[in-house]
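The values are calculated or read from the model by the stated rules, or taken from the named source; none is laboratory data. Remember, predicted model here, so these are calculated numbers, not experimental data. Here the Cβ is made from the backbone with ideal geometry for all residues, glycine too, and neighbour counts use every protein chain on show. Please note that ligands, DNA and RNA were not included when accessible areas were found on the heavy atoms of the full protein model with its side chains. Shrake-Rupley method; radii C 1.70, N 1.55, O 1.52, S 1.80 Å.
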Amino acid sequence: MFRTTEISDAAYESANLRFITVKTNKLKGRGDICVFVPPMANLEDLPLVVLLHGVYGSAWVWSQKAGVHISALEMMENGEIPPMVIAMPSDGLWGDGSGYLPHNQKDFESWIVDDVPNAVIENISSVSKKSELFISGLSMGGFGALRLGVKYHNRFKAISGHSSITDVEQMHLFCRRILG
């Protein structure tokens, strides 16, 4: 599916975080994904939650600025939420932010909806095509999650947005050059 795929070496990973880089036609280059894989043994078909970052962020923001993986693991261990894999992709790193929209000969939308789940399925054994798929995001990522979740409602079990941009016309306040 991808021209090249690189995944972090388990010997150097920490806090159950893995890193995947794929070369994708959707981005006309490379895309990065930070992935939290819970340490519970022998789990299959785990749900996959895709967390989209806001403007100026990247694949590392959810883990390295918010510690989402630490909170999630604690909640899993306390039985508050079931085990799940959390994928935190870059938005494609175009300009200030891609808006998770197709533009400038790149398909940031398909990168999230198609390539990110496929890259995780290809590289993380506890996720499969049977895994339920969820999407969420913050700010620009909230806009992307709401928009993509509704547009691809048949793919996502649930969607959520946090401090979301709710109108594409607001995007120019954050992402110059997307709208013209």
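Restricting the search to the range 6-60, which residues are of a type outside the set (A, V, I, L, M), open to solvent by less than 50 Å² (accessible area, probe 1.4 Å), more than 17 Å from S128 (Cα to Cα) and not in a loop (DSSP other than H, G, I, E, B)?
Correct list: T21, T24, G29, G31, C34.
Among the numbered criteria (1) without any contact (Cβ under 8 Å) to a residue 12 or more places away in the chain; (2) closer than 19 Å to S58 by Cβ, which one does H153 miss?
Single failed check for H153: (2).
With the checklist (1) touching a strand residue (DSSP E or B) at 6+ places or on another chain (Cβ under 6 Å); (2) surrounded by 20 or more Cβ atoms within 10 Å (Cβ to Cβ) in hand, flag the one item D107 doesn't pass.
D107 satisfies all of (1) touching a strand residue (DSSP E or B) at 6+ places or on another chain (Cβ under 6 Å); (2) surrounded by 20 or more Cβ atoms within 10 Å (Cβ to Cβ) except (1).
Within the range 89-103, is even one residue at pLDDT 95 or above, under 22 Å from F156 (Cα atoms), out of contact with any Lys or Arg (no Cβ under 7 Å at 6 or more places or on another chain) and not in a loop (DSSP other than H, G, I, E, B)?
Checked against the condition, which is being at pLDDT 95 or above, under 22 Å from F156 (Cα atoms), out of contact with any Lys or Arg (no Cβ under 7 Å at 6 or more places or on another chain) and not in a loop (DSSP other than H, G, I, E, B), the range 89-103 yields at least one hit.
Are any of the residues in the range 132-141 touching a strand residue (DSSP E or B) at 6+ places or on another chain (Cβ under 8 Å), buried (at least 21 other Cβ atoms within 10 Å of the Cβ), part of a loop (DSSP other than H, G, I, E, B) and of a type in the set (G, A, S)?
The answer is no; no qualifying residue exists.
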